[in-house]
Structures are given as C-alpha cells and as structure tokens.
Amino acid sequence: MSSSSFDAVAETQRLITLLEPLIGLFERLMPLLERERIALKARNPEELELAARHVEEVLMEIRRLDLSRQAQSQRMGQALGLANDATNLKELDKAMGGNTGLLAYRQRLRDRIEQADRSNRENQAIFKGVLVATETMLRALKGSAQGQSTAYDRRGFRQSGPSYHFLSKQF
C-alpha cells in the first residue's frame, strides 16, 4: 500500500470490522470464566472440563481475530509511515488526525481484556487453593495409611507398613 492510494476511511472501517467481534468475544468469555469459577468452587471436574473447553475455544477465536487485527494495523501503520512498534490504535488514530473513533474501540477492548484478566486471576487463585487443599488431604491420607498406629514385629522393631484399616476406623 502506498501513501497516495491509502483510503483512511476504508482501512479504518476494515479495522473496526475486526475490533467489534473481538470485543464481543471478550464479552462472551466473561460468563465462561464465571462458569469455570463456579465449577472450581464446587469441585466439579466434569463441569470444569466442559467450561475450560469452551473458554479455550473462545480464546482460540480471539487469537485468530487478533492476528488479523494486528495485520490490518501493521498495513495501516506502514501506509501512514509509522514505525512497526507504533501501529497501535492510539497511534493510528493520532496519525489520521484523531477523529477516527478508534480510541473508543481501544478503550472498550482494554476494559474487556482487563476484566477477563481479573476474572482469570481469580480463577487461578481458587484453583491454587483447591490444589493446596487436595494435596494437604492426600498427604494426610497417605501419612495415616502408612501406619500411624504403633505396632512391633517379633524382633521388637517398629513396623512401618500400611495400616489398611485406617478408613474403616475413621468412618
């Protein structure tokens, strides 16, 4: 694309046709992250797997669409004579006179990304808590199953074999 044949309105519209569904995908991601959080709290592995699968599908679509957005931004930036690292929405808007409407899309996209990031961090924290609780419980069960009761063999040595009756004694 050369500068002389650059149609700023058409190129901006192409970019917007990528930004709108990208924002929509992040909006679609939020209830899926909430579904994942509920499954984590309920320790429901089937629901967690299903929710995670849906999250992954949306994330793959986000990646695909974002690559297209980046390519369109790069083309526009090159046509406008911007450096490769300056082909973001803010710089594109500035290079085209500041009245493109791209800044509103930029803010909406940033808000959705930050919201998804916060939700994902919450889910990670819950997952870590569930993992720590599960590991603690497994260590306790393993320690108890390895013979916490005192028993000696015929030679007077302490036996360290498993105590198979641990669960039945506890319940």
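Every condition in (1) in contact (Cβ under 8 Å) with a residue 60 or more places away in the chain; (2) buried (at least 16 other Cβ atoms within 10 Å of the Cβ) is met by residue 30 except one, and the failing one is (2). All but one of (1) assigned to a helix (DSSP H, G or I); (2) more than 17 Å from residue 110 (Cβ to Cβ) hold for residue 25; which doesn't? All conditions pass for residue 25, except number (2). Annotation note: Cβ proximity below 9 Å between a residue of region 117-129 that is over 17 Å from residue 35 (Cβ atoms) and a residue that is assigned to a helix (DSSP H, G or I) (sequence gap 6+ or interchain) occurs for 129/40.
When region 80-124 is filtered for residues that are outside any helix (DSSP H, G or I) and out of contact with any Ser or Thr (no Cβ under 8 Å at 6 or more places or on another chain), the ones remaining, listed by number, are 82, 83, 97, 98, 99. Scoring residue 43 on the criteria (1) charged (D, E, K, R); (2) more than 20 Å from residue 114 (Cα to Cα); (3) out of contact with any helix residue (DSSP H, G or I) (no Cβ under 8 Å at 6 or more places or on another chain) leaves a single failure, condition (3). Residue 43 meets all of the listed conditions (1) within 22 Å of residue 133 (Cβ to Cβ); (2) in contact with an Asp or Glu (Cβ under 6 Å, 6 or more places away or on another chain) but one, namely (2). Going by the structure shown, is residue 50 of a type in the set (A, V, I, L, M, F, W, C), assigned to a helix (DSSP H, G or I), within 30 Å of residue 82 (Cβ to Cβ) and out of contact with any Pro (no Cβ under 7 Å at 6 or more places or on another chain)? Against the criterion (of a type in the set (A, V, I, L, M, F, W, C), assigned to a helix (DSSP H, G or I), within 30 Å of residue 82 (Cβ to Cβ) and out of contact with any Pro (no Cβ under 7 Å at 6 or more places or on another chain)), residue 50 does not qualify. Residue 13 passes every criterion in (1) within 24 Å of the chain's Cα centre (by Cα); (2) at pLDDT 95 or above apart from (1). The set of residues in region 106-140 that are over 20 Å from residue 52 (Cβ atoms), surrounded by 14 or more Cβ atoms within 10 Å (Cβ to Cβ) and either of a type in the set (A, V, I, L, M, F, W, C) or touching a strand residue (DSSP E or B) at 6+ places or on another chain (Cβ under 7 Å) (or both) contains only 109.
Looking across region 83-105, just one residue is of a type in the set (Asp, Glu) and surrounded by fewer than 15 Cβ atoms within 10 Å (Cβ to Cβ), and that is 85.
Within region 110-126, does at least one residue satisfy the condition of being modelled with pLDDT of 80 or more and more than 23 Å from residue 62 (Cα to Cα)? Checking region 110-126: at least one residue is modelled with pLDDT of 80 or more and more than 23 Å from residue 62 (Cα to Cα). The condition of being surrounded by 14 or more Cβ atoms within 10 Å (Cβ to Cβ) and in contact (Cβ under 8 Å) with a residue 40 or more places away in the chain holds for only one of 40, 50, 59, that being 40.
The values are calculated or read from the model by the stated rules, or taken from the named source; none is laboratory data. Since we're looking at a predicted model, the values are computed, not measured. Neighbour counts are summed over all protein chains in view; Cβ atoms, including those assigned to glycine, are modelled from backbone coordinates with ideal geometry.
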